[in-house]
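Everything on this sheet refers to the single structure shown next.
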Amino acid sequence: MHYDTSSKQVHFELIAAKNANNNGYNYNGYYQNAVTLKVPAGWIISITFINRDANAPHSIVLTPAFSQNDIPDEQTGEFAIINRAYTEVLHANEQETISFPAKEGRYWLFCGVKRHGIDGMWIPLTVERDLQIPALHFRQ
């Protein structure tokens, strides 16, 4: 994570299948609630998404935080909760960078490929009005 307080911009690099955690259905090795990205409201979020999985395509779609019983089977960019807050489905060694405004709320960075989200390939993103700088919160 890199950020600039003067321009109110934060950049995350997320790598699909960085390791074997959750059978490779992870971002930087994290899945479900293992890490939460936190960003101040009003900032610009950019994410460079890289797929290192030689066996499966992956994506990122910014979704609402779902209850466990309501996790969708798949999601495409048309379901992104904020305009431009999604990537295309990427195959091995492809990458894409997206940028979008940080609007207050609780979201998931969700892999929209069929069954991946249900299998745990999502991490929370929270945007908070009272937060001063971006942070990562690791579940213990």
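Nothing in this text is a laboratory measurement; each read-out follows from the coordinates by a stated rule. No experiment lies behind these values; they were computed from the predicted model shown. For neighbour counting, all protein chains shown are included, and Cβ atoms are generated from backbone atoms with ideal geometry for every residue, glycine included.
Condition check: basic (Lys, Arg), farther than 27 Å from Arg129 by Cβ and in contact (Cβ under 8 Å) with a residue 40 or more places away in the chain. Does Arg106 satisfy that? No. Annotation note: Cβ proximity below 6 Å between a residue of region 121-140 that is under 9 Å from Lys38 (Cβ atoms) and a residue that is of a type in the set (A, V, I, L, M) and not in a strand (DSSP E or B) (sequence gap 6+ or interchain) occurs for Val127/Ala41; Val127/Ala102.
When Thr48 is tested against (1) among the polar types (S, T, N, Q); (2) under 11 Å from the mean Cα position of the chain (by Cα); (3) buried (at least 18 other Cβ atoms within 10 Å of the Cβ), only condition (3) is not met. Please go through region 96-113 and give me each residue that is within 18 Å of His11 (Cβ to Cβ), assigned to a loop (DSSP other than H, G, I, E, B) and in contact with a Phe, Trp or Tyr (Cβ under 8 Å, 6 or more places away or on another chain), ordered by number. Of everything in region 96-113, just one residue is within 18 Å of His11 (Cβ to Cβ), assigned to a loop (DSSP other than H, G, I, E, B) and in contact with a Phe, Trp or Tyr (Cβ under 8 Å, 6 or more places away or on another chain), namely Ala102. Please find, within region 94-140, the residue that is surrounded by the most Cβ atoms within 10 Å (Cβ to Cβ) out of those that are out of contact with any helix residue (DSSP H, G or I) (no Cβ under 9 Å at 6 or more places or on another chain) and of a type in the set (Gly, Ala, Ser). Among residues in region 94-140 that are out of contact with any helix residue (DSSP H, G or I) (no Cβ under 9 Å at 6 or more places or on another chain) and of a type in the set (Gly, Ala, Ser), the one surrounded by the most Cβ atoms within 10 Å (Cβ to Cβ) is Ala102.
Listed by position, the strands (runs of 3 or more DSSP E) inside region 26-95 whose residues that are in contact with a Gly (Cβ under 9 Å, 6 or more places away or on another chain) number at least 3 are 61-64.
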